[in-house]
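**Student:** Before anything else, here's the structure in question.
The values are calculated or read from the model by the stated rules, or taken from the named source; none is laboratory data. Worth saying up front: this structure is predicted, and the values here are computed from it rather than measured. Neighbour counts run over all protein chains shown; Cβ positions are idealised from the backbone, glycine included. Accessible surface areas use protein heavy atoms only, side chains included; no ligands, DNA or RNA. Shrake-Rupley method; radii C 1.70, N 1.55, O 1.52, S 1.80 Å.
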Amino acid sequence: MIKGLDHIVLFCKDTEKSKEWYTNAGFQYSHGYEGMHWFHLGSGLVMLHPAGETSPGITEVHAAVEDVNKLFQFVTENGLTPIDHQNGNKTLTEPVTRPWGDIQFELEDLDGHRWAFTQRGE
């Protein structure tokens, strides 16, 4: 039956600019082919696929991280703006701790795809 995540496809207007964004967000590049780019996400991959239009909807993908503070510093040093969707998309100066204990922040990519980077609370 199902054994795990293979890859998530994200449709992007400009995959070259999106490739740079995902690199700046801390994703590790895997490979590319004819304008498509793949990045590692645990045991699976994220694929950036060229598209004339995008429609991300309200989906948000949560990525598990070992050190949310270190990643937060990395993304801000690379010019990205962490936000908190639970607080009106307010710009963050540090990760937030959720009432259930998770520590996280969110980013929105160039096409409106939402990512949350989560470190499990203890």
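**Student:** Excluding residues fewer than 8 places away in the same chain, name every one of the lysines whose C-alpha is closer than 29 Å to that of K13.
**Tutor:** K90
**Student:** Same structure again: Report, to the nearest whole %, how much of the accessible area of the chain belongs to carbon and sulfur atoms, 1.4 Å probe, protein only.
**Tutor:** The value for the chain is 50 percent carbon and sulfur by accessible area.
**Student:** Taking only Cα atoms, what is the 0 to 90° angle, nearest 10, from helix 15-24's long axis to the longest principal axis of the chain?
**Tutor:** In the chain, helix 15-24 runs at an angle near 30 degrees to the longest axis.
**Student:** Rg to Rh ratio, the chain, alpha-carbon atoms and Kirkwood radius?
**Tutor:** 0.96
**Student:** How big is the gap, in Å, between the Cα center of the range 96-122 and the Cα center of the range 25-42?
**Tutor:** Cα centres, the range 96-122 to the range 25-42: 21 Å.
**Student:** So how tilted is helix 68-77 from the main axis of the chain? Cα-based, degrees 0 to 90, rounded to 10.
**Tutor:** Value to nearest ten degrees: 60.
**Student:** On to the next question. Could the peptides 21-32, 90-101 be put in order, highest first, of the mean number of other beta-carbon atoms found within 10 Å of their residues?
**Tutor:** Ranking, from highest mean packing down: 21-32, 90-101.
**Student:** Indicate, rounded to the nearest 5 percent, the antiparallel portion of the DSSP beta bridges found entirely in the chain.
**Tutor:** 65 percent
**Student:** Explain nothing, just the number: relative contact order of the chain, from Cα pairs under 8 Å at least 6 residues apart, as a whole percent.
**Tutor:** Averaging sequence separation for qualifying contacts and normalising by length gives 25 percent for the chain.
**Student:** Right, next: State the three equivalent ellipsoid semi-axes of the range 45-89, derived from the C-alpha gyration tensor as the square roots of 5 times its eigenvalues, in descending order and whole Å. Write down the numbers at each step before the final one.
**Tutor:** Working: eigenvalues 104, 48, 31 Å².
Ellipsoid half-lengths, sorted descending, are 23, 15, 13 Å.
**Student:** If you don't mind, there's one more thing I want to ask. What distance in nm lies between label points placed 7 Å from Cα along the C-beta direction at H40 and E66?
**Tutor:** Result: 1.1 nm between the two label points.
**Student:** What is the sum of charges around G52, taking Lys and Arg as +1, Asp and Glu as -1, for the other residues whose C-beta is under 14 Å from the C-beta of G52? Walk me through the numbers before you get to the answer.
**Tutor:** Working: positive: K13; negative: D14, E53, D111.
Its environment carries a net charge of -2.
**Student:** Over the range 1-71, average the accessible area per residue using a 1.4 Å probe and give it in Å², no decimals.
**Tutor:** Accessible area per residue, the range 1-71: 67 Å².
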